Amino acid sequence: TIPNSVTSIGDNAFRRCSSLTSITIPNSVTNIAKQVFYGCKSLASIVIPNSVINIGYEAMKGCSSLTSITIPNGLKSIESSAFGDCSSLTSILIPNSVTSIGDSAFNGCQSLTSVTIPHGVTTIGLFAFHDCQSLVSISIADSVTSIGNDAFSGCESLETVTIPSSVTTIGRSTFKGCKSL
């Protein structure tokens, strides 16, 4: 448990702490920095407070025991590979406050079954949900204008997608290998 006196947790602070199982971040923290929990393979529970506005590059990449996470309502951006290779992640609630989902943000989240891209997000990054093999459904808000290359490639269980009329660009290989589509 991190005390309320902490306002910042630096890059790589808990990187590869392979026995860390749970963590509570206090309301005093506004940013989850680059690779803070990278490779914490036993991390199954994390509480992210409403004060956090950014989840950094590879912040939780490789947290293979993490099954679900609630992202706070004030969050603005999910940076590249933030949740990459969180292979046990089955659900995630992305709030309307999020405006950016970075490249490979959920790449390799093989247990993720459904995703709702909220109103406010304008761009779905390259490889954002690549290789999410259990992903069955995607709901994309009408604020999205661009879907990046390979955004949903390798999502072999994906059955239906409704692309809103706000989308003007669909990247190369966006749905490559979506054999159930």
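The values are calculated or read from the model by the stated rules, or taken from the named source; none is laboratory data. Given the structure is predicted, the values throughout are model-derived calculations rather than measurements. Here the Cβ positions follow ideal geometry from the backbone for every residue, glycine too, while neighbour counts run over all protein chains shown. All accessible areas refer to the heavy atoms of the entire protein, side chains included, with ligands and DNA or RNA removed. Shrake-Rupley method; radii C 1.70, N 1.55, O 1.52, S 1.80 Å.
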- Task: May I ask you to list the residues in region 141-180 that are touching a Cys at 6+ places or on another chain (Cβ under 8 Å) and open to solvent by 30 Å² or more (accessible area, probe 1.4 Å)?
- Result: 156, 175, 177
- Are there any strands (runs of 3 or more DSSP E) wholly within region 66-124 with 2 or more residues that are within 23 Å of residue 41 (Cβ to Cβ), and if so which? 68-70, 91-93
- The number of residues in region 122-132 that are surrounded by 17 or more Cβ atoms within 10 Å (Cβ to Cβ) and either modelled with pLDDT under 95 or in contact with a Ser or Thr (Cβ under 6 Å, 6 or more places away or on another chain) (or both) is 3
- Message: Looking for something over 21 Å from residue 137 (Cα atoms) and open to solvent by 30 Å² or more (accessible area, probe 1.4 Å) - is there at least one such residue anywhere in region 95-114?
- Response: no
- Query: Which of (1) closer than 21 Å to residue 146 by Cα; (2) open to solvent by less than 40 Å² (accessible area, probe 1.4 Å) does residue 72 not meet, given it meets every other one?
  - Reply: (1)
- Task: Sort through 161, 144 and tell me the only one that's part of a loop (DSSP other than H, G, I, E, B) and either under 24 Å from residue 57 (Cα atoms) or at pLDDT below 95 (or both).
- Result: 144
- Message: Looking at region 1-60 only, could you name the residues that are in contact with a Lys or Arg (Cβ under 9 Å, 6 or more places away or on another chain) and among the charged types (D, E, K, R)?
- Response: 11, 16, 41, 58
- Note on the structure: The residue from 13, 82 that alone is surrounded by 23 or more Cβ atoms within 10 Å (Cβ to Cβ) and modelled with pLDDT of 95 or more is 82
- Odd one out for residue 32 among (1) surrounded by 18 or more Cβ atoms within 10 Å (Cβ to Cβ); (2) farther than 25 Å from residue 113 by Cβ: (2)
